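**Student:** Here it is, the structure in full.
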Amino acid sequence: MPATILVVEDEPAIQELISAALQHAGHRVMRAYSAEEAVPLVNGTLPDVVLLDWMLPGMSGIQFARRLRGEERTRELPIIMLTARGEEQDKVSGLDAGADDYLTKPFSPRELVARIKAVLRRRAPQMTEDCVEVEGLRVDPVTHRVTGNGRQLELGPTEFRLLHFFMTHQERVFNRTMLLDQVWGDHVFVEERTVDVHIRRLRAVLESTGHDGLIQTVRGSGYRFSVLPG
Ligand code: CA
């Protein structure tokens, strides 16, 4: 499950080591030497996980974690704090500030990759490789196959990601900006109405097996995947 990971670490050697390990594991890496440098990166592309060093020049890791938690767009972004050995108080404060996990330096690349996988599984179910099935509609993220009542459905790559995201985040309303962040990722040049176009295509395919009603339009807000009547 390749993810986009933002590494905020001011020590070049450690940043390089972490980035190399993540790339080796198949992840995409965005890098920043400070929280100030990380802000515009996050504004451009919403990462799947943030690896955040505690001690940074300028805004500290803790302050940046609080800031991410305080904004709607980044509220649920998984954060792993990196701390130096023995700073037990840091871990407590880090978790208080909203970090999902912490890693004590020095750590092995293997441990890093395992922690990222665990956090993604918890916080971002659409990143895992488990099949999802709802009322006979089944999505397999490994083979990219979608079936409705056992019948194969042909979806484009964007419709596939959209459906998988919805099915792993049921009963919640997402506006177009949130969907662009979560499904498109880097969407600086994508217009919001693009979302409507792909929703329409997705519904058209789901209609053949009677699953189109699962994608509901919530007037004035966005879209929701729900088994309950809209
Ligand atoms: Ca540091």
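The values are calculated or read from the model by the stated rules, or taken from the named source; none is laboratory data. Note that the coordinates shown come from a computational prediction; the quantities given were computed from them, not determined experimentally. In this analysis, Cβ positions are derived from the backbone assuming ideal geometry, glycine residues included, and neighbour counts consider all displayed protein chains. Heads up: the accessible areas ignore ligands, DNA and RNA and are worked out on the full protein's heavy atoms, side chains in. Shrake-Rupley method; radii C 1.70, N 1.55, O 1.52, S 1.80 Å.
**Student:** Taking the residues in the stretch 1-16 that are open to solvent by 10 Å² or more (accessible area, probe 1.4 Å) and closer than 17 Å to MET81 by Cβ as candidates, determine which candidate is farthest from the ligand (Cβ to nearest atom). Please lay out each step first, then the result.
**Tutor:** Here is the first cut: in the stretch 1-16, the residues open to solvent by 10 Å² or more (accessible area, probe 1.4 Å) are 1-2, 4, 10-14, 16.
Keeping just the survivors that are closer than 17 Å to MET81 by Cβ gives 10-11, 14.
Working: ASP10: 5, GLU11: 5, ILE14: 8 Å.
Selected residue: ILE14.
Quick grid of which residues meet (1) within 23 Å of ALA13 (Cα to Cα); (2) touching a Ser or Thr at 6+ places or on another chain (Cβ under 8 Å); (3) modelled with pLDDT under 80:
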{"site": "VAL92", "(1), (2), (3)": "no, no, yes"}
{"site": "ASP96", "(1), (2), (3)": "no, no, yes"}
{"site": "ALA99", "(1), (2), (3)": "no, no, no"}
{"site": "PRO106", "(1), (2), (3)": "yes, no, no"}
{"site": "LEU112", "(1), (2), (3)": "yes, no, no"}
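**Student:** Quick check: anything in the stretch 185-200 surrounded by 15 or more Cβ atoms within 10 Å (Cβ to Cβ) and either touching a Cys at 6+ places or on another chain (Cβ under 8 Å) or closer than 19 Å to LEU77 by Cβ (or both)?
**Tutor:** yes
**Student:** Among the residues of the stretch 1-36, count how many are outside any strand (DSSP E or B) and either touching a residue at least 60 places away in the same chain (Cβ under 8 Å) or among the hydrophobic types (A, V, I, L, M, F, W, C) (or both).
**Tutor:** Within the stretch 1-36, the first condition is being outside any strand (DSSP E or B), and the residues that meet it are 1-3, 9-27, 33-36.
Keeping just the survivors that are either touching a residue at least 60 places away in the same chain (Cβ under 8 Å) or among the hydrophobic types (A, V, I, L, M, F, W, C) (or both) gives 1, 3, 9, 13-14, 17-18, 20-22, 24-25, 27, 35.
Residues flagged as outside any strand (DSSP E or B) and either touching a residue at least 60 places away in the same chain (Cβ under 8 Å) or among the hydrophobic types (A, V, I, L, M, F, W, C) (or both) within the stretch 1-36 amount to 14.
**Student:** Would you call LEU22 within 16 Å of the ligand (Cβ to nearest atom), touching a Leu at 6+ places or on another chain (Cβ under 9 Å) and closer than 16 Å to LEU103 by Cβ? Break it down stepwise before answering.
**Tutor:** Details: within 16 Å of the ligand (Cβ to nearest atom): no; touching a Leu at 6+ places or on another chain (Cβ under 9 Å): yes; closer than 16 Å to LEU103 by Cβ: yes.
Answer is no for this residue.
**Student:** (1) within 15 Å of the ligand (Cβ to nearest atom); (2) free of Cβ contacts under 8 Å to residues at least 40 places away in the same chain; (3) outside any helix (DSSP H, G or I); (4) surrounded by fewer than 18 Cβ atoms within 10 Å (Cβ to Cβ): which one isn't true of THR83, the others all being true?
**Tutor:** Unmet condition: (4).
**Student:** Which residue is farthest from ARG110 (Cα to Cα), if the candidates are limited to the stretch 32-56 and must be within 16 Å of the ligand (Cβ to nearest atom) and surrounded by fewer than 19 Cβ atoms within 10 Å (Cβ to Cβ)?
**Tutor:** Per the criteria, the residue is GLU36.
**Student:** Let me ask something else about it. Within the stretch 46-59, is even one residue part of a helix (DSSP H, G or I) and either at pLDDT 95 or above or more than 17 Å from the chain's Cα centre (by Cα) (or both)? Outline the logic, then answer.
**Tutor:** If we filter the stretch 46-59 for residues that are part of a helix (DSSP H, G or I), which is where we start, we get none.
No, the stretch 46-59 contains no residue that is part of a helix (DSSP H, G or I) and either at pLDDT 95 or above or more than 17 Å from the chain's Cα centre (by Cα) (or both).
**Student:** May I pose another question? Quick check on this structure: which one of GLY136, GLY148, GLY94, GLY98 is without any contact (Cβ under 8 Å) to a residue 60 or more places away in the chain and away from the ligand (no atom under 16 Å from the Cβ)?
**Tutor:** Numbers: GLY136 fails: without any contact (Cβ under 8 Å) to a residue 60 or more places away in the chain; GLY148 fails: without any contact (Cβ under 8 Å) to a residue 60 or more places away in the chain; GLY94 fails: away from the ligand (no atom under 16 Å from the Cβ).
GLY98 is the lone residue from the list that is without any contact (Cβ under 8 Å) to a residue 60 or more places away in the chain and away from the ligand (no atom under 16 Å from the Cβ).
**Student:** Inspect the stretch 60-79 for any residue being of a type outside the set (Gly, Ala, Ser) and part of a strand (DSSP E or B) and give the result as yes or no.
**Tutor:** yes
**Student:** Report those helices (runs of 4 or more DSSP H) wholly inside the stretch 137-230 carrying at least 3 residues which are over 19 Å from MET1 (Cβ atoms). Show your work before the answer.
**Tutor:** Values: elements: 157-167, 176-179, 193-206.
Here the list reads 176-179, 193-206.
**Student:** A further question follows. For GLU71, are the conditions met, namely being within 16 Å of the ligand (Cβ to nearest atom), outside the structural domain of ASN175 (by TED's automatic domain parsing) and more than 21 Å from LYS117 (Cβ to Cβ)?
**Tutor:** Working: within 16 Å of the ligand (Cβ to nearest atom): no; outside the structural domain of ASN175 (by TED's automatic domain parsing): yes; more than 21 Å from LYS117 (Cβ to Cβ): yes.
So GLU71 does not fit the description; no.
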